[in-house]
1. Only Lys, Arg, Asp and Glu count, each charged at its Cβ (+1, +1, -1, -1), so figure out the dipole size of the chain about its Cα centre, rounded to 20 debye.
2. Of the DSSP beta bridges with both residues in the chain, give the percent that are antiparallel, rounding to the nearest 5.
3. Apply the Karplus curve 6.51 cos²θ - 1.76 cosθ + 1.60, θ = phi - 60°, to the phi angles in region 116-128 and return the couplings in whole Hz, x for Gly and Pro.
4. Along the Cα→Cβ direction, 7 angstrom out, place labels at Asn113 and Asp37. What is the inter-label distance in nm?
5. Among residues other than Gly315 whose Cβ falls under 15 Å from its Cβ, what is the net charge (Lys/Arg +1, Asp/Glu -1)?
6. Hey, rough spin-label estimate for Arg14 and Ser203, points 7 angstrom out along Cα→Cβ, what's it come to in nanometres?
7. So what is Rg over Rh here for region 81-152, counting just Cα atoms and using Kirkwood for Rh?
8. Quick one: accessible area per residue over the chain, 1.4 Å probe, rounded to a whole number of Å²?
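The values are calculated or read from the model by the stated rules, or taken from the named source; none is laboratory data. A quick note: this is a predicted structure, and the numbers were derived from the prediction, not measured. FYI the Cβ positions are ideal-geometry reconstructions off the backbone, even for glycines, and counts take in every protein chain you see. Accessible surface areas use protein heavy atoms only, side chains included; no ligands, DNA or RNA. Shrake-Rupley method; radii C 1.70, N 1.55, O 1.52, S 1.80 Å.
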Amino acid sequence: MQNNLESRQFRLIRRPNGLPAQDDFELTTETLDAPGDGEVAVAVEYISLDPAMRGWMAEGKSYIEPVGIGDVMRAFAAGTVVASRHPDFAEGDRVTGLMGAQTHAVMPGTQVNKVDASQLDLPTYIGALGMPGMTAWFGILEVGELAEGDRVLVSAASGAVGALVGQIAKKKGATVVGIAGGAEKCAYLTDELGFDGAIDYKSEDVDRAIATHFPDGLDIFFDNVGGQILNAALANLRVGARVVICGAISQYNKTNGVGGAEDAPTNYLSLLVNRAKMEGFIILDYIHRYDEAYPQMAEWIVSGELAHKEDIDEGFDNFVETLRKLYTGENFGKLVLKV
Ligand SMILES: NC(=O)c1ccc[n+]([C@@H]2O[C@H](COP(=O)([O-])OP(=O)(O)OC[C@H]3O[C@@H](n4cnc5c(N)ncnc54)[C@H](OP(=O)(O)O)[C@@H]3O)[C@@H](O)[C@H]2O)c1
C-alpha cells in the first residue's frame, strides 16, 4: 500500500446536549499503520448517517458501548480496499463495514463485507441492502409478524427504514399508510412507493387521520418516531395488534428525558384492551440471519421492485452538518455522505 496512509477523522470530544453540534467533534489527521496479518486498508468513499449515532454518543446503559471520548465516531461506511493482507480481499475490492467517520480505515478482514459494485452502487449497500434494509425486513416480518391483509401504519415512512417497511408490507398483501413530514414526502409514499395512504404529521391531527384511514384500527404500527405519534397510534389498535418499536427519533435529542410529560404513551392501556403487544428490537441481534433476507431483498432491489432513495451530501468536512439533518427531517431518503 501507499506508505503513510493518512486518515482524516471525526473524533467525539464531548457528549452532545440536545442536537449534535460541531463542537462535540474534533477533525484530526492520523497516520495509519500498514495492515497487519488478516487486515485490509480501505479508502472510505461513503459514510452512512444513522439516527442511532445519537444514542452511540450518549453515556449510559444501551445495547452497545458508547463511543469513547476521543475516539473516532462509529459509522457504517463503504469504500475500496487499497491494501490487503487477508486472503479473501484484493486491492480494488469494494467493501462495507463499521469503519467509522474517517477517510481511511484499517480493518480486520473478518469485519468487512465484499460487495458487487457492478450490480448496485455503494450507497445502496449501506442503505436498502445494508443495515436499514435488514432492519425493515426483520422488523416487519419477524417482530411485526406481518400477515396478508394486515392494516399497517409506519412512521418516518419516507426514510431509509420506513420506506422499505411499507413496500415489503405491500408485497405481502397488507394495506399500508405512512406518516411523514410534509406534502412532498407524503406524495412520494403514495405516488412512487404505492402506499395506500399518507399522513402529514406536520399539518394533520395524527390521531384523527389514523382513525380515518383505519376506522377498524391497526394490526401493526411500525414505529420509528415515538412520542406523540406513538401515543396516537396506540389509541387506534385492533384486537391482537403488534406495535413494533424500531426507533423513537423524536426523542433522541430531548434534554429532559425520553417520554417526558407531553410525549408520554398515556394510551398504553389500549394494549390491554386489545390484547396487543409492543416489542422493541435491535437489528444487531439478527446479523447471523441476514442470509435469510439478503437474497430476496437483493433480487427486489436489482429488479426495481423495491424502490429506494438515497440522499447524498458531499464533502467529508460536512459530517456533522449532514448528521444533524436526520433529526430535523431535512433528509429525504437514506442519508449518506460522499467523502
Ligand atoms: N432497532 C434497530 O435496530 C434500528 C435500526 C435502524 C434504524 N432504527 C431506527 O429507525 C428509525 C428510522 O431510521 P432511518 O435510518 O430510516 O432514518 P430516516 O427515516 O431515513 O431519517 C430520519 C427521519 O425521521 C424523521 N424525524 C426526525 N425527527 C422527527 C420528529 N421529531 N418527529 C417525527 N419525525 C421525525 C424525519 O422524517 P420526516 O421529515 O418525515 O419528519 C427524518 O427524515 C430511527 O428511529 C432509527 O433509530 C432502528
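1. Working: 28 positive and 48 negative charges, 153 e Å.
Computed about the Cα centre, the dipole is about 740 debye.
2. Numbers: 33 of 58 bridges.
Restricted to the chain, the bridges split so that about 55 percent are antiparallel.
3. Along region 116-128, the couplings run 9, 6, 7, 7, 9, 6, 4, x, 5, 6, 9, x, 4 Hz.
4. Rounded to a tenth, the inter-label distance reads 2.8 nm.
5. It works out to a net charge of -2.
6. Each label point is offset 7 Å from its Cα along the Cβ direction, giving 3.9 nm.
7. Values: Rg = 16.2 Å, Rh = 14.4 Å.
A ratio of 1.13.
8. Normalised by residue count, the accessible surface of the chain is 44 Å².
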